[in-house]
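Visitor: Have a look at the structure that comes next, please.
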Amino acid sequence: MTIKHKKIDVGCGVNKWHPDALGIDMAAGPGVDMVGDALDILRGFEDDSVGSIYSSHFLEHHENPPAILKEMIRVLAPEGSLELRVPHFSDPWFQSDPTHKHPFGLYTFGYYFKNTIFTRKLPGYCLIEYAYLEKVKLNFGSTRPFYVRHALKKIVQFLVNISGYTRELYEEMFSGILKCSEIYVVIKKEARK
């Protein structure tokens, strides 16, 4: 197995998650190495050809997140990781952006990937093979100059992310009161036997 690219950043925009990653985006700009539809570009990669994939605040804009996720797993090398950041459905920025097509919650990626993180069991009718959820974290924050608000939200973030139970409790009971900014997910591709 030959890995052609160590890292790719899908939907990188002008700010790549990792500066040494191959940047993929619809629009040309600084840091964008391949311009075009992400799904079409991913389909051009060989199976198991990428070591790590990153994508930040991209999936909510795409017409077909399951197809993108399947392609990401296909091109990811065994034992490689896919790291995603998407806005949480309770985030006011998510609600106000008309380009956002899909909401994401704590359990969303549990519908697509095997998981042992949550106590709530989810149906497996849309599972993507050969990958599993390794980590799901809820991130809280606010933009500058709201430093005190930001500090308080980081305390909440610590408390909410203590365990899977506290994350589930937050989303069920408190997400309508205290808004979560984003969901951070790590998905691992299984080693081939």
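Visitor: Pairs of alpha-carbon atoms within less than 8 angstrom and 6+ residues apart define the contacts here; what relative contact order does the range 1-88 have, in percent?
Guide: Working: 179 pairs, mean separation 25.5, N = 88.
RCO, the range 1-88: 29 percent.
Visitor: With labels modelled as points extended 7 Å from the Cα through the Cβ direction, what inter-label distance (nm, one decimal) is found for TRP93 paired with TYR165?
Guide: 3.2
Visitor: Which whole-number percent gives the relative contact order of the chain, counting Cα pairs below 8 Å spaced six or more residues apart?
Guide: Relative CO of the chain lands at 20 percent.
Visitor: Give me the number: length gained by fully extending ASP37 to TYR184, i.e. 0.36 nm times residue separation minus the C-alpha to C-alpha distance, one decimal in nm. Please list the in-between numbers first.
Guide: On the way: separation 147, 0.36 × 147 = 52.92 nm, distance 2.32 nm.
Gain in length upon complete extension: 50.6 nm.
Visitor: For GLU46 and LYS114, calculate 0.36 nm times their separation in residues minus their Cα-Cα distance, and state this gained length in nm to one decimal. Intermediate values should be presented prior to the final figure.
Guide: On the way: separation 68, 0.36 × 68 = 24.48 nm, distance 2.37 nm.
Fully extending the segment from GLU46 to LYS114 adds 22.1 nm.
Visitor: I would also like to ask the following. Only bridges whose two residues both fall in the chain count here: according to DSSP, what percent of them are antiparallel, nearest 5? Could the numbers behind the result be given before it?
Guide: Numbers: 15 of 31 bridges.
Roughly 50 percent of the beta bridges in the chain run antiparallel, per DSSP.
Computed from the coordinates by the stated procedures, all read-outs in this text should not be read as laboratory data. A quick note: this is a predicted structure, and the numbers were derived from the prediction, not measured. Every residue, glycine as well, gets a Cβ built from its backbone with ideal geometry; the counts of neighbours run over all protein chains shown.
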